[in-house]
Structure formats: structure tokens, C-alpha cells
Amino acid sequence: QAKSGGPGNTTIFDVSMHDEVRERIELEVALRRALGDNDLWVAYQPLIDIETGRAIGAEALVRWTHPERGPISPAEFVPIAEDAGLIGMLGDWVRQEALRQLSAWRADGTVDDDFYLSINVSAKQLTEPNFPLVVSAELLEFKVPPRCVALEMTESVMVDNTGTSARTVFELRELGVKLLIDDFGTGFSGLGYLRRFPVTGVKIDRSFVIGLGADEEAGEIVRAIVAMSQALRLSVIAEGVETRPQRDTLASFGVTIGQGWLWGPAVAPADFATAWHAGGAAAQIAAAQIAAGQ
Ligand code: C2E
Ligand code: MG
Ligand code: MG
Ligand code: MG
């Protein structure tokens, strides 16, 4: 836990603050440092064409390996970054790292020309009026076509179509990047925004995928999401697919893109390239043979 001794260290908080608050402050301080050091990295999880099993894209997911504590989940530190005003810096870093990686993969043939990276954007980043300009400059810098980038945002962004965030969303779409609603179905914002905003696709939240097979209602919800998405010409990605029956059910409902441990978790760039090289199956079989010592 906290290192003891040394001036300016965390022991000062021990007397007066609850453990939770102290823990948060420690993480915030450590995260600030991690942003400057090399403790953050980006993992890539394939987005799979359910029919062919090929990776048509990947989601970039930030990872933090704390020097003493080891890996800390983004579910824990992203909210801290948001509260501490660090999400802009964190988001910039992840996006630039991801674009640099995509650029390298496009150049060396790891991925084909239509492969896209999906990058999470926090609601706070979209309140920054400069955000689309920054993204646009980065696409040019890294020579990445806009269609090869998707930005994932949550429904909470879509509550108001008059403010800065709304303008930002429209400007991003004008750049040509894809706009996906993350964790679709878990917000409480109604569905009207799907017509008011230039959204290009939805990611069905894992909580609905988990229920497939076991729970009839989950199936009906997924079916309804697919029908609606087809009517609105939105792409549909199913998150958190872990089993073959889930995959088969999703396919029978007309879902064409899946993401989940059934195909593979988020991994370091080198491992992603090995497993999901545009050479596809051949590369995977080769890797498996090497692993088996053949
Ligand atoms: P998310 O964007 O909904 O990402 C999907 C999460 O589900 C990831 O967790 C992924 O590792 C996990 N996952 C994928 N397939 C499966 C599966 O089959 N089963 C299960 N149980 N889980 C699966 P992760 O990487 O821990 O990220 C958690 C959340 O942290 C993300 O949820 C996203 O909201 C946030 N996050 C991650 N990276 C970033 C980032 O760069 N920026 C921002 N703003 N948020 C990020
Ligand atoms: Mg996401
Ligand atoms: Mg998600
Ligand atoms: Mg999620």
C-alpha cells in the first residue's frame, strides 16, 4: 500500500481521511505520474466479422500497469481521471498512441485498408470545442483515413442536441469518422437521439449478451435492437461474446459483428499482430503450431 516515510508522502492523510478518499488521491497522484512515465499502454481487442471469424477492426483499451500494484482496471482509473480533470490528457495520449499503431499496421500490412480502430471518448472530452479540430489534425499527421476510425461514446452525451457536445459530435461525423454508441441499452435517454444525432452504429451492452439463451427477455431486447438498427441503417456490434451459443444466437438475429473472449481478449499490439494479421487464419494456425512445438 502506501509507502511510508519521506516528506510529502501519503501518510499525512492517514489521520484525517477515510481510506477510500486517501486511496483515490493516491491513485490520482500516481496516474498523473503514469501519464508522464511509460506506465500506460494500449491493448487491442478484435472486432470480429461473425460470419468469417476475421478481425475487421479493434477496440483500443487503455491499460495501466502500476509499478507496485500491478495492473489497475480502466473501470477504476478512468472515472478518477474524469474527476481529476485528467481525462483530456489521458484521452489524447490513448488516441495518439492508437493512431500511431494503426498507421504502423497499415504500413506493414498487418491490417487491410478497411480495418478500423474504435477509440473510447469520454463525455467530458466532447465538451471541448477544439476536439474535432485536434482529431482532424491527427488523422492527417498519422495518414489514417477517417473511415478507419470509430469513436465510442455513451448515450449520456446525447441528452441535449443544442450544446457544445452536440456541435462536437456533428463536426466529428463531418470528418468522416464512425460514431458508435457504447454500452447501448444501458442508458435512460430514450431512442430519439438516434435520429437527431449522426450516429453510425451501436454496441449492444454485454449485459444483454450474457442473458442470451438463458433469459428470453434478453433475447427479445437484442432482437428489437437489431430490427431498429437495420431500419435506421446503423451497424450493430455485440459486446462481451463469450460462448458459441451466444455467437450462434446473435448470428441468427442478424448481428454481423462481435467482440468478446470467444474470439479473444484485448492484448498487447505485438500479440494482436500475431493473432490477427490480415493473413488471418494462416497466421493463427502458424502461431498455434509454434506454440505446440510443431
Ligand atoms: P467498454 O468500452 O465497454 O469496453 C469493453 C470492456 O469489456 C473492456 O473492459 C473489455 O476488456 C471487456 N470485455 C471484452 N470482451 C469481454 C468478454 O467477453 N467478457 C467480459 N467479461 N468482458 C469483456 P476494460 O478494458 O476493462 O475497459 C473497461 C471500460 O473502461 C471500457 O468499457 C471503457 O468504458 C473504459 N475505457 C477503457 N479504455 C478507455 C479509454 O481509452 N478512454 C476512455 N474514456 N475509457 C476507456
Ligand atoms: Mg468501448
Ligand atoms: Mg462497450
Ligand atoms: Mg462496457
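When ALA98 is tested against the conditions (1) loosely packed, with under 14 Cβ neighbours inside 10 Å; (2) under 24 Å from ILE257 (Cα atoms); (3) out of contact with any Gly (no Cβ under 9 Å at 6 or more places or on another chain), the lone failure is (1). When the test is whether a residue is closer than 15 Å to ALA123 by Cα, surrounded by 17 or more Cβ atoms within 10 Å (Cβ to Cβ) and away from ligand 2 (no atom under 16 Å from the Cβ), ILE80 passes it. Going by the conditions given, is ARG63 under 30 Å from ALA166 (Cβ atoms), modelled with pLDDT of 95 or more and basic (Lys, Arg)? Here the answer is no, as ARG63 does not meet what is asked.
A search for C-beta distances below 7 Å between a residue of the stretch 172-194 that is more than 18 Å from VAL134 (Cβ to Cβ) and any residue that is in a loop (DSSP other than H, G, I, E, B) and charged (D, E, K, R), counting only pairs 6+ apart in sequence or on different chains, returns ASP183/ASP205; PHE184/ASP205; GLY185/ASP205; THR186/ASP205.
When the strands (runs of 3 or more DSSP E) confined to the stretch 36-145 are screened for residues that are within 16 Å of ligand 3 (Cβ to nearest atom), under 17 Å from the mean Cα position of the chain (by Cα) and within 28 Å of ILE25 (Cα to Cα), those reaching at least 1 such residues are found at 40-49, 55-66, 116-120. Just one of the listed residues (PRO146, PRO198) is away from ligand 4 (no atom under 16 Å from the Cβ) and crowded, with 16+ Cβ neighbours inside 10 Å, and it is PRO146. Residues in the stretch 161-182 that are under 13 Å from ALA123 (Cβ atoms) and either touching a Phe, Trp or Tyr at 6+ places or on another chain (Cβ under 8 Å) or charged (D, E, K, R) (or both): ALA166, THR168, VAL169, ASP182.
Could you look through the stretch 87-121, keep only residues that are more than 13 Å from ligand 1 (Cβ to nearest atom) and among the hydroxyl-bearing types (Ser, Thr, Tyr), and pick out the one that is farthest from ALA266 (Cα to Cα)? Among residues in the stretch 87-121 that are more than 13 Å from ligand 1 (Cβ to nearest atom) and among the hydroxyl-bearing types (Ser, Thr, Tyr), the one farthest from ALA266 (Cα to Cα) is SER103.
The values are calculated or read from the model by the stated rules, or taken from the named source; none is laboratory data. If you're wondering where the values come from, they're calculated on a predicted model, not measured in any experiment. As a convention, Cβ positions derive from the backbone with ideal geometry for all residues, glycine included, and neighbour counts pool all protein chains shown.
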